[in-house]
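Working notes, structure below.
The values are calculated or read from the model by the stated rules, or taken from the named source; none is laboratory data. None of the values given here were measured: they were computed from a predicted structure. When we count neighbours, we look across all protein chains shown, and the Cβ atoms used for this are built from the backbone with ideal geometry, even at glycine.
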């Protein structure tokens, strides 16, 4: 089904993952160090990276950052795997671009299902349609590209899907649980801070268009009904 790169320094965990991922139909490539994992990404072109946060040669967060900052690999899904279960660690992982976060000890069945959900998000395109022009924001849904005031904004596939989902439901409040289901394909057992971390990162990237995404305290998020220029004109 997919080629999965496992970057994990504990041999027994690699063995368990290798067996179960292969049983689920995946091809598995393994690395025990972050540098080796980055090399294998170039050489083997995996469909997903399962990345331990604590590696012997470099932090897993740095590996994830290298993947997401490289234009050639920025859309490569990364699932963090770590013994650190503090919520702040999960939030930091999502802020640097991780697509999901699994803590040890973990259920192998749940891990396989969540990997499947991440891969499915990658395969399913955002709904095609005409380009979107909304004030200083322009979106090309077919090409998965975004511009603010004529300057292209580099978004991950998940960030783009989140932005388009909010836009298509503009002026309607979207709860965090609804966004988890629609954008991530995950249920609310996953911390809703996942959504907050991604919205925060998306707003930072959108710059002058960041205020289109409004926070509705205690509920979720809403995309503005009209562009800022029209709103100013109406006032």
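Just a few scattered comments:
- No other residue among 37, 25 is more than 17 Å from the chain's Cα centre (by Cα), farther than 20 Å from residue 159 by Cα, in contact (Cβ under 8 Å) with a residue 24 or more places away in the chain and assigned to a loop (DSSP other than H, G, I, E, B) apart from 25.
- Test: residue 54 is within 23 Å of the chain's Cα centre (by Cα), at pLDDT 95 or above and farther than 23 Å from residue 120 by Cα: no
- Single unsatisfied condition, residue 155 versus (1) part of a helix (DSSP H, G or I); (2) surrounded by 17 or more Cβ atoms within 10 Å (Cβ to Cβ); (3) at pLDDT 80 or above: (1)
- For residue 182: the one exception among (1) within 21 Å of residue 225 (Cα to Cα); (2) within 18 Å of the chain's Cα centre (by Cα); (3) crowded, with 17+ Cβ neighbours inside 10 Å: (3)
- Any hit, region 68-83, residues being in the same structural domain as residue 99 (by TED's automatic domain parsing), modelled with pLDDT of 95 or more and not in a helix (DSSP H, G or I): no
- Hits in region 1-23 - residues which are surrounded by fewer than 18 Cβ atoms within 10 Å (Cβ to Cβ) and either more than 17 Å from residue 82 (Cα to Cα) or outside the structural domain of residue 108 (by TED's automatic domain parsing) (or both): 1, 3, 19, 20, 22, 23
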